[in-house]
Amino acid sequence: MNKIALETIKWIQYIIGIFGLEPNRKSEDRLILKNIILPAFSDKQIYERILFVGCAQYTKSYDKFFVDQDYWTLDYNPHRAKYGSKNHIIGNVLNLSSHFKEDYFDVIIFNGIFGWGINNKNDCIKTIKELKLILSKKGVLIVGWNNQKPFNLVSFKPILYNNDFKNYFFKPLENIEYTTNMMSHTYSFFSLKK
């Protein structure tokens, strides 16, 4: 897929988001997220502060998993604020630390951002440095990404490893990574090195 086609897809998604026409997705990747990943982080005693990056119609109900927690959402598209939490920020992942304190979040769910907005190495490096700043020392970073072209042009894992991240074993899926059949959507789990 060439650059023009990729930009066309992004504009179509942007317009769909403005009019709220996105379907309530029941694909495998969303089911894994809603039925396994989100519930695993709903215990306030362990995970008090949660950030979900990237909002759409199907993310609106995710706040039900974090009723007693400090749950935040962030998206750059102002038309998607209606799908965020009551603590929603319209902003860019390239400057997360301007919105949040250092060492703040116990969990950051970063789903569909690499390859769908963060598309070059420099932006990826900047984003990962921002994530490191706001993730608590014992925090967990979940990266949801599509492992197929043109959405995997930036190899983010080596950048994470070079910025003090390591793989995190996610017990409910018994792995450090889980790939679905939906566009090879993959959930990778990370934490900071001690």
Inset, instruction - In nm, give the distance between the simple-model label positions of K171 and K193, each being 7 Å from the Cα along the Cα-to-Cβ direction. - result: 2.6 nm
Legend entry - Across K82/K137; K121/K166; K149/K171, pairs whose alpha-carbon gap is larger than 27 Å: K82/K137; K149/K171
Inset, instruction - Once you have the Cα-Cα distance between N181 and H79, take 0.36 nm times their residue separation minus that, and quote the gain in nm to one decimal. - result: 33.8 nm
Legend entry - Under-5 Å amide H pairs with F105, H placed in peptide plane, nonlocal only: L135, S136
Inset, instruction - Work out the FRET efficiency for L153 and L94 from their Cβ-Cβ distance, taking R0 = 22 Å, and round it to the nearest 0.05. - result: 0.80
Legend entry - Estimated D of the range 27-165 in µm² per second, where Rh is the Kirkwood radius over Cα pairs and Stokes-Einstein applies at 4 °C, 1.567 mPa s: 85 µm²/s
Inset, instruction - Put one equal scatterer on each alpha carbon of the range 88-194, apply the Debye formula with no solvent term, and list log10 I(q)/I(0) at q = 0.13 1/Å to two decimals. - result: -0.44
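Taken together, the values in this text are just the output of simple stated rules run on the coordinates, not laboratory data. Since the model is a prediction, treat every value here as computed from it, not as a measurement. Note: ideal-geometry Cβ built from the backbone for every residue, glycine included; neighbour counts use all protein chains shown.
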